[in-house]
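Have a look at the structure below before the remarks.
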Amino acid sequence: MNSKINFEILFKTLSYLVVFCGFLSLWVSKGVGLISTVLFITVLVSAWLLEDSKRQISERIGTVSIIIVIPLFYISWKYKLIGAGTNETVIVGMLGRMILILASIKLLQKKTNKDWIFLYLISFFEVLLAAGLSISPFYLASFVLYLLVTICAIILFEIRKTSRTIKENSQITDRTQYSQTRLWQLPVISVWLLILLVVFALPMFFVLPRVSSGRLGNNSGKLLSMTGFSDSVRLGAIGSLKQSDETVMRVRLDKSGENNSGNLYWRGVALDSFDDKVWSKSKPDYKEPYIKGEKDFFLIDYSSGKENVTIQTVYLEPIDTPVLFTLARPVAIQGNFQILFKDSEGAINFNRSGYDRMSYKAYSDRSLPDKNKLKADNLAYPEEYKHYLQVPEDIDPRIAQLATQITEKYDDRYDKAKAIEKYLQTQFGYTLELKAGGDQPLADFLFNVREGHCEYFATAMAIMLRTQGIATRIVNGFQQGEYNETADVYVVKQKNAHSWVEVYFPGENDWVTFDPTPFAGQNDGAATGGGVIGTLNNYLEALETFWVQYFVAFDNQEQRSLFRSAKSSFSDYQGKISAWLTETKTHLADWWKEVRGDKGLQASAVAVAYGIGYILAAVLGIVFIVWLSRKIIKLAIWRNIFAWLKYKNEKTIVEFYERMQKVLASKGLVRQSHQTPLEFAFALDIPEAVKITEKYNRVRFGEKDLSRDEVQEIESWLEKIKNGNIIE
């Protein structure tokens with residue numbers, strides 16, 4: 001009975017592991033809270049301890065409990081008796097709790113085959129629900145573990161079910177021969193099945209078209225709150241964003257033909273109107289539409305040259321703003337959008353629907369006018385740019401006086417802007433605490449508090465320049481973020497939120513970036529921690545980036561990018577082969593000219609000698625390779641490996657006996673038609689032949705498998721017969 005007991009324990013252990021792996025997927029995806037986790041683990045352990053005892057609940061009680069639970073959850077959701085938040089979050093929470101309760105009921109009751117199947121299905125639904133919550137690569141690990149354990153459990157379930165059916169039909173009263181089942185092979189079989197699933201599934205995943213991206217995760221049904229990027233921003237709003245460590249986007253730059261030195265600013269929205277407390281757009285309803293052109297491109301502007309264009313691949317998290325973040329002056333956008341809009345200040349917007357993560361490519365012209373040209377730009381502003389000079393009517397007069405004092409030594413707009421930028425960077429402190437206030441927080445910041453965060457510095461510079469007749473606006477976006485060398489991406493988080501200033505130069509018709517924030521507030525979090533922890537975090541972030549790029553946000557745009565990359569690699573190899581063939585053809589043509597005597601008799605003789613030498617070297621090389629291959633093939637290690645891999649399939653069909661007959665036949669010993677195998681072996685008077693024949697009879701007629709040790713013994717006996725001096 002011991003083998004049967006071991007089989008049952010293994011089956012139930014794997015079945016419980018299936019249930020646990022389904023729960024683990026939910027836990028990794030943050031689909032269950034601490035209380036639910038503790039309660040379910042308690043139920044799981046209790047059910048295992050109560051297994052096959054009288055204290056398990058009956059099937060009738062379990063069924064009634066399930067019938068009661070499902071309507072209760074529906075009523076609770078329908079009349080909002082439980083849960084808070086959006087409809088989506090309530091549904092997700094309700095489904096998670098209901099699935100765990102149903103699984104708990106089934107775990108605690110006496111189980112038939114139908115109950116085990118029910119538990120397998122419950123765990124499958126848990127994995128599906130987790131897939132809608134997570135972008136973590138740890139979900140992938142839990143999913144692979146779930147597949148492996150589930151395959152093992154289903155195989156054992158079928159073995160168990162079939163064995164019981166045979167026993168019932170044949171009315172066998174003794175124990176079922178579970179020992180004949182090679183249970184140690186179960187993990188091997190499961191791993192191979194899992195590998196086959198992956199091999200067949202991966203090509204389909206990368207080839208099948210996508211209609212949307214990011215369906216594997218929806219940030220628990222919520223959008224990241226980005227209050228600093230609406231059409232109006234109150235002073236102090238970005239300070240709260242900079243306290244958050246939530247990831248906003250990951251950006252990969254194409255470095256080809258482009259110098260990426262200097263700080264990077266991911267531009268979001270630009271604001272032109274200020275009323276002492278709030279920045280807003282003077283034309284909030286203006287939106288210029290752009291329709292998709294060839295290759296999913298939206299042409300936004302024209303670039304000054306291909307060498308000045310920086311390509312950014314952006315993987316954007318679900319955020320509560322319709323803004324696409326790019327480097328300054330985007331000229332084209334490529335992505336899964338039906339239509340894009342550009343507002344009056346150059347911000348790119350899209351129609352958000354749902355909670356999708358998305359990816360897109362942005363092409364930005366980062367070329368800047370020459371500094372000398374900016375210094376010489378003294379043209380008057382066109383009428384449509386005069387609103388960039390407006391200041392609040394009740395502005396504190398000390399602001400204009402301070403600006404005049406700082407810029408009085410300079411005549412051009414560029415130098416004045418640089419002077420105010422330097423003054424704010426060096427004479428003020430940086431802090432995230434909201435200290436400036438009152439009816440005029442800007443004046444309070446400049447003359448009383450003298451420290452603040454980026455919004456105050458950008459506002460101060462913009463307004464001070466406007467008092468000097470220089471057109472400005474502020475821009476809200478993000479600093480470059482943390483560069484992850486392993487993943488080759490910039491990881492931009494909410495704490496990297498930033499504000500800076502753009503100054504307009506009419507002669508160059510260009511907006512130029514200035515950043516007056518002290519260096520303590522620039523590139524906040526741009527460098528990752530060092531040491532073992534920093535390295536580990538880099539690898540984890542790289543893993544998550546890979547997961548987001550190729551699974552979460554893998555849409556038809558990423559498919560085309562992957563195909564273009566594969567096509568480019570194939571073209572490169574094709575070009576290299578073509579170049580090698582062309583070069584070889586040229587060398588052969590030159591050699592043939594020398595052989596013909598075009599360069600004289602001596603050159604012809606040398607060329608012929610070289611040709612003979614190359615031919616001899618090639619022939620000798622081929623002969624050596626053939627000789628070496630035969631030697632390698634004859635090595636005993638290959639026979640041992642072959643025997644180890646094929647002992648079950650080939651040795652059990654008596655292939656080894658046929659090999660012995662061939663060896664003996666080569667020595668003139670052939671079995672007569674009237675001799676049985678054992679009579680022939682005894683007639684030979686060779687102990688090894690007798691032993692091999694006995695093994696043959698056991699396998700051929702006794703239907704017994706050979707052990708690995710027996711296979712090795714047979715190989716050694718065959719070797720002795722082959723090398724022995726046998727006289728007929």
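If you check Ala458, Ala436 for being small (Gly, Ala, Ser) and touching a residue at least 60 places away in the same chain (Cβ under 8 Å), only one passes: Ala436. Residue-level analysis places Gly257 outside the set of residues that are part of a helix (DSSP H, G or I), modelled with pLDDT under 60 and over 23 Å from the mean Cα position of the chain (by Cα). Candidates in segment 439-486 are the residues that are more than 17 Å from Pro518 (Cα to Cα), open to solvent by 10 Å² or more (accessible area, probe 1.4 Å) and under 41 Å from the mean Cα position of the chain (by Cα); of these, the one that is modelled with the lowest pLDDT is Thr486.
Please verify whether segment 78-98 includes one or more residues that are modelled with pLDDT under 85, within 20 Å of Leu121 (Cβ to Cβ), open to solvent by 60 Å² or more (accessible area, probe 1.4 Å) and among the hydroxyl-bearing types (Ser, Thr, Tyr). Scanning segment 78-98 turns up no residue that is modelled with pLDDT under 85, within 20 Å of Leu121 (Cβ to Cβ), open to solvent by 60 Å² or more (accessible area, probe 1.4 Å) and among the hydroxyl-bearing types (Ser, Thr, Tyr). For segment 494-508, residues that are open to solvent by 30 Å² or more (accessible area, probe 1.4 Å) and in contact with a Ser or Thr (Cβ under 7 Å, 6 or more places away or on another chain) total 1.
Among the strands (runs of 3 or more DSSP E) confined to segment 317-423, there are none with at least 2 residues that are open to solvent by 10 Å² or more (accessible area, probe 1.4 Å), polar (S, T, N, Q) and farther than 23 Å from Ser303 by Cβ.
How many residues, within segment 509-524, are at pLDDT 90 or above and either open to solvent by less than 40 Å² (accessible area, probe 1.4 Å) or touching a helix residue (DSSP H, G or I) at 6+ places or on another chain (Cβ under 7 Å) (or both)? Of the residues in that region, 7 qualify.
Cβ separations smaller than 7 Å between residues 6+ apart or across chains give the following pairs from segment 357-384 residues that are under 12 Å from Asn509 (Cα atoms) to residues that are in a strand (DSSP E or B) and charged (D, E, K, R): Pro369/Asp510.
Screening Thr37 on (1) in contact (Cβ under 8 Å) with a residue 60 or more places away in the chain; (2) outside any loop (DSSP other than H, G, I, E, B); (3) among the β-branched types (Val, Ile, Thr) shows it passes everything except condition (1). Only residues that are farther than 26 Å from Lys375 by Cα and surrounded by fewer than 20 Cβ atoms within 10 Å (Cβ to Cβ) were counted across segment 424-438, and they come to 9.
Pairing residues of segment 263-282 that are modelled with pLDDT of 90 or more and crowded, with 20+ Cβ neighbours inside 10 Å with residues that are aromatic (Phe, Trp, Tyr) and part of a loop (DSSP other than H, G, I, E, B), at Cβ distances under 7 Å and at least 6 apart in sequence or on separate chains, gives Trp266/Phe325; Arg267/Phe325; Gly268/Phe325.
Kindly check whether there is at least one residue in segment 49-58 that is part of a helix (DSSP H, G or I), at pLDDT below 85, open to solvent by 40 Å² or more (accessible area, probe 1.4 Å) and not acidic (Asp, Glu). Within segment 49-58, not a single residue is part of a helix (DSSP H, G or I), at pLDDT below 85, open to solvent by 40 Å² or more (accessible area, probe 1.4 Å) and not acidic (Asp, Glu). Within segment 693-705, the presence of a residue that is closer than 26 Å to Ile632 by Cα, exposed (fewer than 13 other Cβ atoms within 10 Å of the Cβ) and modelled with pLDDT under 85 is excluded.
When each of Leu562, Leu601, Leu620 is tested for being aliphatic (A, V, I, L, M), at pLDDT 80 or above and either on the phi < 0 side of the Ramachandran plot or open to solvent by less than 70 Å² (accessible area, probe 1.4 Å) (or both), the lone residue that passes is Leu620.
Taking the residues in segment 398-431 that are out of contact with any strand residue (DSSP E or B) (no Cβ under 9 Å at 6 or more places or on another chain) and of a type in the set (A, V, I, L, M, F, W, C) as candidates, determine which candidate is nearest to Glu455 (Cα to Cα). In this case the residue turns out to be Leu424. Among the conditions (1) under 27 Å from Thr431 (Cα atoms); (2) of a type in the set (Lys, Arg); (3) modelled with pLDDT of 75 or more, the only one that Arg329 does not satisfy is (1). Of all residues in segment 480-522, which are more than 23 Å from Arg450 (Cα to Cα), part of a strand (DSSP E or B) and not hydroxyl-bearing (Ser, Thr, Tyr)? Of everything in segment 480-522, those that are more than 23 Å from Arg450 (Cα to Cα), part of a strand (DSSP E or B) and not hydroxyl-bearing (Ser, Thr, Tyr) turn out to be Glu482, Asn484, Val489, Val491, Val492, Lys493, Val503, Phe505, Asp510, Trp511, Val512.
The values are calculated or read from the model by the stated rules, or taken from the named source; none is laboratory data. All figures in this text were calculated on a predicted structure; none of them were measured in a lab. Positions of Cβ are generated from backbone atoms using ideal geometry, with glycine treated the same way; all protein chains shown enter the neighbour counts. All accessible areas refer to the heavy atoms of the entire protein, side chains included, with ligands and DNA or RNA removed. Shrake-Rupley method; radii C 1.70, N 1.55, O 1.52, S 1.80 Å.
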